[in-house]
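Report on one structure; see the data block that follows.
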Amino acid sequence: MAPKLYHYGISGPSRGALFSARVIGAPIEIEIINLFKKEQFSESFLKINPQHCLPTLDDDGFVIWESRAIACYLADKYGKDDQLYPRDLKRRAVVNQRLFFDSSSLYVKIRAICFPILFLGETEIKKALKDDLNTTIGFLETFLTGSEWVAGDQPTIADTCIYASLTSILEVGWDISSFPNIQRWLKQCAKLPGASENDEGAKSFGEAVKKNLK
Ligand SMILES: N[C@@H](CCC(=O)N[C@@H](CS)C(=O)NCC(=O)O)C(=O)O
């Protein structure tokens, strides 16, 4: 039985897990949970994930959430080799560093801008938040200096997760013209399996945010 991914395409973390699964080649059954309809609070979903967040993976009764933990699990279980999530201690440590950078910095700063616009009636992006996100995007640019992918010469699940986060804000219209390495890397990521599925979700996310902007 294929693992079931509780998913909503507008969610960057949810897309990060799904894009990772696509690149890994993991079998996945998708069940949509519509966050705008608050379906994550249904009794049946709360039984599966009391933290009521997406993505959530159910692999034959083994349930985990946190998008990057899902990507790690799927890569270890289904990866045809260890390229996407290396077993070598140091190479894996670099992938983990990039994943934690995404989880604790990049995604958090994107959310700080978009959540109030989507759900709290905010209609503009404050300069401090804008500067903060640009500083963080600058770190990503640095990771990509002299490196083809975010954690070395091969694509890994750090690329898929970071791509899902970044494309959300790009679809809001973020200016990345001063980040040439990121522009080059985005083109490479767009060729990976599942990228266009991610991009569709990111587009819907961007439209939802832009609709509320002055
Ligand atoms: N760090 C988590 C973030 C998950 C998260 O915040 N998901 C949001 C959608 S972007 C969600 O499900 N929100 C609904 C809720 O928490 O009730 C991850 O990477 O999976």
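Considering only V172, V23, V63, the Gaussian network model of the chain with Cα springs below 10 Å gives its largest mean-square fluctuation to V63. Largest GNM mean-square fluctuation across R111, R68, R15, computed for the chain with C-alpha springs under 10 Å, falls on R111.
Mean projection of the alpha-carbon convex hull of the chain over all orientations, in nm²? It would help to have the intermediate numbers written out before the result.
On the way: hull surface 46.5 nm².
Averaged projected area of the chain's Cα convex hull equals 11.6 nm².
Cα-Cα over 25 Å: which of K4/K130; K47/K211; K38/K210; K38/K77; K4/K80; K38/K127? With Cα atoms farther than 25 Å apart: K4/K130; K47/K211; K38/K77; K38/K127. Relative contact order of the chain: 27 percent, from C-alpha pairs under 8 Å at least 6 residues apart in sequence. Could you work out the relative contact order of the range 89-211, using alpha carbon pairs under 8 angstrom and six or more residues apart, expressed as a whole percent? Across the range 89-211, relative contact order equals 28 percent.
Taken together, the values in this text are just the output of simple stated rules run on the coordinates, not laboratory data. Nothing here was measured: the structure is a model prediction, and the numbers come from that model.
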